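What follows is a single structure, written as structure tokens, with notes after it.
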Amino acid sequence: MAWTWFHRLGSPPYIYGLATRLTAWFAWPAGLLIAYGLYAGLFVAPADYQQGDGYRIIFLHAPSAYMSVMVYTVMAISAGIGLIWRIKIAHAAAASCAVVGATFTVLTLVTGSLWGKPMWGTYWEWDPRLTSELLLLFLYLGYMGLRSAFDDVQRADRASAVLAIVGIIDVPIIHFSVIWWNSLHQAPSLMKFGKPSMPPEMYLPILAVFLGFTLLFAALLLTRLRAEVLNRERTATWIREVVSA
Amino acid sequence: MIEFLDMGGYAFYVWTAYGIVIAGLILNIVWARRSLQQARQAARRRLAIKGETP
């Protein structure tokens, strides 16, 4: 009895309806949190004592970097669930993550570059943190490329799932790169145990953007998942009802 | 105001970063909605064709 909800989560029509109903509940808070966080990052947070106003890129860069890794983790876990338990909806969810995750990775690299030029004197350096983040972008691109190489969805699911799972090794490498190796990049000041190394006027906007990006990802994931389900279910009778409106 | 826009001399870096991120977020919303629309249209076409040939 208590497990019926779990079985329903594997049912495409149930998931489609649930995703339709939930999207707005994620999208609107996401918009508000991102707007607040970016506003507070520009207007409320004080200037940095060393970097002046140049540090304000952090309000974009840190949340984007967190998303690039978090979305990959969600993608790899979904792909793993799909591969091990042969749950189609999990494969569909994994496939729905790739574009969003790749975008956040590009945004991380671009904002990092724009921050690196004035502070480090260079747009790019083959530094452990930067290089492992670039590898993450290639993993996303490889995942998408591999999927599009198959005409058969099930074969695409299985092959791309293996790539996603193997690639997860890059996630701890990115996180610990600044601790294990001598990196230009600073060590975490927020994603660590203990007190953040900054005042609340600085870290609250970062947390708002973090949360806003996470909710936006949820809304995008649900929208893309609906598209995936429609494309996969092909001619199921329930589809007629949901697309005729 | 000018001082704020100047970002302490970092205007180019800060504003370019903000512009690119906001553009990236909006693009993702557009792409996701478009992929859903395309899937719905494809499903409609598919089902209509299937219905016409009993």
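Quick look at the numbers
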| read-out | value |
| --- | --- |
| Any hit, segment A:177-198, residues being polar (S, T, N, Q), at pLDDT 95 or above, in contact with a Lys or Arg (Cβ under 7 Å, 6 or more places away or on another chain) and under 30 Å from A:Gly41 (Cβ atoms) | no |
| Flag if A:Glu201 is away from chain B (no Cβ under 14 Å) and in contact with a helix residue (DSSP H, G or I) (Cβ under 8 Å, 6 or more places away or on another chain) | yes |
| The listed residue being surrounded by fewer than 17 Cβ atoms within 10 Å (Cβ to Cβ), within 29 Å of A:Asn231 (Cβ to Cβ) and in contact with a Leu (Cβ under 8 Å, 6 or more places away or on another chain), out of A:Pro29, A:Pro13 | A:Pro29 |
| Selection count, segment A:117-126, where residues are within 7 Å of chain B (Cβ to nearest Cβ) and not in a helix (DSSP H, G or I) | 0 |
| Candidate set: segment A:186-211, residues that are of a type outside the set (A, V, I, L, M), surrounded by 17 or more Cβ atoms within 10 Å (Cβ to Cβ) and in contact (Cβ under 8 Å) with a residue 60 or more places away in the chain; chosen: the one nearest to A:Phe104 (Cα to Cα) | A:Phe210 |
| Residue count, segment A:43-84 (criterion: in contact with an Asp or Glu (Cβ under 9 Å, 6 or more places away or on another chain), among the aromatic types (Phe, Trp, Tyr) and within 14 Å of chain B (Cβ to nearest Cβ)) | 1 |
| Subset of segment B:9-38 (residues that are among the small types (Gly, Ala, Ser) and modelled with pLDDT of 95 or more) | B:Ala17, B:Gly19, B:Ala23, B:Gly24, B:Ala32, B:Ser35 |
| Those residues of segment A:108-146 which are surrounded by fewer than 19 Cβ atoms within 10 Å (Cβ to Cβ) and of a type in the set (Lys, Arg), in sequence order | A:Lys117 |
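The values are calculated or read from the model by the stated rules, or taken from the named source; none is laboratory data. All of these numbers come straight from a predicted model, not from anything done at the bench. Note that we place each Cβ from the backbone using ideal geometry, even for glycine, and neighbour counts take in every protein chain shown.
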